[in-house]
Every structure is written in C-alpha cells, then in structure tokens.
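The values are calculated or read from the model by the stated rules, or taken from the named source; none is laboratory data. Since the model is a prediction, treat every value here as computed from it, not as a measurement. Note that each Cβ is placed from the backbone with ideal geometry, even for glycine, and that neighbours are counted across all protein chains shown.
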Amino acid sequence: MKETRSKLGLIYEKYAVDGKLSYADMAKYNRLTALEGELTKVAGTTNAAVSGRLVSIPGSIYKDTYSMSAYAIDPSRPSWGVIPKSAVESVANNPLDKIARNTLTQTTREGIRRAVVQGVMQGQSYPDMAKALKKVYEVSAYKAQVIARTEGQRAMAEGQRDILDKSQSLGIKIRLFWDAYLDSRTRDNHAFMNGREAVEHDGQLMFYYEPTGQWVTGPMDPSLPAADVIQCRCALRQELADEPAGKGQPESYEEWKKGLSL
C-alpha cells in the first residue's frame, strides 16, 4: 500500500487542480490508463508473492497430515515412511485451487481499475481515492485467506484419505468418523454430519451425505457443493478397529519423523 500511495501522490501532485483530478485531463495522453497500469503492476507483484506462498501450503500440510496420521495408527511400520510424491504434486497443482488463485489476481486488477476510474470521474481527493484502493487490497487479502484455509483443509483431507487407503492395503482396519468443528459458525449441514461413521460403499469407506443425498469420501470431497467446501473446518477422525500390529508408540512423533523419507 505504501508504494501505491507514493505513485498516487505523484499523480495528484502533477495533475490535480484544487486537490482533485479531472477526468478530461486524465483521459489525455493515456494518463488514466498509465495510472491503472502502474497500480496494477504494484498489486501484481504483491499477488505473485502471495500466490507463491499459497502454492506451498497444500504440499506442506499434506505431508504433515500423512505422517502424523501414520504415526497415530501404527508407528512400527517402516513402510509408512514413503510419502507418495505424485500425491504431493497433485495436491499442490489442484485445478480448483489454481482457478481460485488466478481469480484473486483478476479480481484485484478489476478492483483497482474500478476504484481509479470512479475516483477520477467523481472528483475524489487523494485521501478518498487512497481509501478506495485500500479497500480493494483488503478484499484481496481476505480472499487470499479464504483460499489458504480452503486449500489447507483440502490437503489435510487428502492426506488423511491416502493414509487410510494405505492402512487398508496393509490389512489394518480403520473406523472413520466425520468431525465437525462445532461453534456458532458451523454450517448446519456439517453439524448434522458430526459424529457420523463411514460405511463400506463401492469398495471403500464412505459417508452418505444426507443434506445433498450423495456418497462422499468425507469433508472437502470435490463432488460437494462449493458452499459446503469453502472454508470448511471439518476433519476425518480415524480409530483403529483392532489392536495395532506394532507395539504402540515407542518414541515421540518428532523422533519418529526424523527417520521418514519426507
């Protein structure tokens, strides 16, 4: 925002009359277009940095979820140590998340253009236009948080499902429950599913999601409506159906993790 204020201040200092910009003057020599371009460029640099951080979140969360779930189920099995590289890459390159990140950039660009054009046409002062641009950045920051939360939850859900599949392939029987985060912000659909246990369906453990009448793998299932996915805080809870094959947890998670191929 500091760089935006600086560039905006220079424009007002150079072209403003009585503290206001004239649309007629700004339309000359592509001044308005140039201002939009400068401000968009500044925002683009920030968005690129934010997008880069967003890309790194899912893979990191997937790895942590995968290894922590493995440790909780049976830390004695060395085969838990191999985290599927293809799965990590798939999580990081989820097409839905890419769309969200690209939309963030486009929304910011359109917001800047709207704020600048409306500000000039309405004869806004420098402080008023700066406030309008600040709102654009605040909306973008909020949307970035929404994307981060949603991507993180999706990565966590996939990590839990993948370790479940692996445990089943090793003959470990797991019971799976839907855990909703219960508070005043919990969706009614998710509160309804809280505590429900997955059952065998089409060869795998699945939940019958009664609110929409469909079978799903759990929270963040890609077939669920967006309204049931965005900023979802639900998780899967895994319980051993039988005693673990190993001898419990002989060492701390941090010590155990050092021996994994992460």
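Let me confirm something: among LYS173, LYS134, which residue is in contact with a helix residue (DSSP H, G or I) (Cβ under 9 Å, 6 or more places away or on another chain) and closer than 25 Å to GLN214 by Cα? Break it down into steps so the answer makes sense when it comes.
Numbers: LYS134 fails: closer than 25 Å to GLN214 by Cα.
From the options LYS173, LYS134, the qualifying one is LYS173.
Filter region 85-128 down to the residues that are basic (Lys, Arg) and at pLDDT below 75, then identify the one that is farthest from GLY37 (Cα to Cα).
LYS85
Please indicate, with yes or no, whether at least one residue in region 243-259 is within 16 Å of ARG175 (Cβ to Cβ), modelled with pLDDT of 75 or more and surrounded by 15 or more Cβ atoms within 10 Å (Cβ to Cβ).
no
Among (1) farther than 30 Å from THR105 by Cβ; (2) crowded, with 16+ Cβ neighbours inside 10 Å; (3) modelled with pLDDT of 85 or more, which single condition is SER167 missing?
Looking at each condition in turn, SER167 falls short on (3).
Go over the candidates ARG237, ARG196 one by one and state the one that is of a type in the set (Lys, Arg), at pLDDT 90 or above and on the phi < 0 side of the Ramachandran plot. Spell out how you get there, then give the answer.
Numbers: ARG237 fails: at pLDDT 90 or above.
After ruling out the rest, the residue left standing is ARG196.
Of all residues in region 176-215, count the ones that are more than 22 Å from the chain's Cα centre (by Cα) and of a type in the set (Ser, Thr, Tyr).
Total satisfying the criteria: 3.
If only one of LEU10, LEU39 is at pLDDT 70 or above and exposed (fewer than 13 other Cβ atoms within 10 Å of the Cβ), which one is it? It would help to see each step written out before you state the result.
Numbers: LEU39 fails: exposed (fewer than 13 other Cβ atoms within 10 Å of the Cβ).
Unique residue meeting the criteria: LEU10.
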